[in-house]
């Protein structure tokens, strides 16, 4: 492999290593649109790079990403990767696809050491933000404890009500 290609493979490896990434087709996309997309991605610490398919697969193979290295790739490819939340990245990609009136297509994504299809990537984009998911999880974890406290309080309160009624009855009798 020539020195120039080896350098490109090293750059691609740095984009793939320990990061989620999404692969899209960018056919028919203008340079201005691609630049505005890159600006949106920078806000979440992600990047978009045009990559040769063969070199992308080679870099994935060198990193030990066997699922990626064995994946089918045809046509032009743009790689979106970054040190960010994969849901946020998928949301920006989905919105960009809507803006471009489906000129671009998601090929697949790699999240949490798993290769996921285009449909699964769209489903990932439809998840609520991370903070909302954490709040929902906290609510689920807190619910049994708060219900237990309510039940225990109700038992204590019922004893108090019985004693109070008994005292009132004694006062009326006297």
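None of the figures in this text is laboratory data; all of them are computed from the coordinates on show. On a predicted model such as this, the values are computed, not experimentally measured, just so you know. We place every Cβ from the backbone using ideal geometry, glycine too, and count neighbours over all the protein chains shown.
Of the candidates 66, 136, 42, which one comes out as most mobile in a Gaussian network treatment of the chain with C-alpha springs shorter than 10 Å? Largest GNM mean-square fluctuation: 136. The long axis of helix 53-63 is offset from the longest Cα principal axis of the chain by roughly 60 degrees. Under a Gaussian network description of the chain, with springs only between Cα atoms under 10 Å, the residue in 130, 150, 38 that fluctuates furthest is 150. For residue 166 and residue 143, the difference between the fully extended length at 0.36 nm per residue and the C-alpha to C-alpha distance is 4.8 nm.
Divided by 2.2 N^0.38 Å, where N counts the residues, the Cα radius of gyration of the stretch 1-64 comes to 1.21. Measuring nothing but how far apart in sequence close Cα pairs (under 8 Å, 6+ apart) lie, relative to its length, the stretch 3-127 scores a relative contact order of 36 percent.
Computed from Cα atoms alone, the Kirkwood hydrodynamic radius reported for the stretch 3-127 is 14.4 Å. The angle between the Cα long axis of helix 3-16 and the main principal axis of the chain comes to about 10°, on a 0 to 90 degree scale. In this structure, residue 119 and residue 10 have a Cβ-Cβ separation that, at R0 = 25 Å, corresponds to a calculated FRET efficiency of about 0.20. Helix 31-42 and the long axis of the chain differ in direction by around 40°, with both axes built from C-alpha atoms.
Give me Rg over Rh for the stretch 129-174, both radii from the alpha carbons and Rh done the Kirkwood way, two decimal places.
Expressed as Rg/Rh, it is 1.47.
Could you work out how far the C-alpha centroid of the stretch 12-72 sits from that of the stretch 99-174, in angstrom? Rounded to whole Å, the Cα centres lie 37 Å apart. Of all the options 95, 126, 72, the one that moves most in a Gaussian network model of the chain with Cα springs shorter than 10 angstrom is 72.
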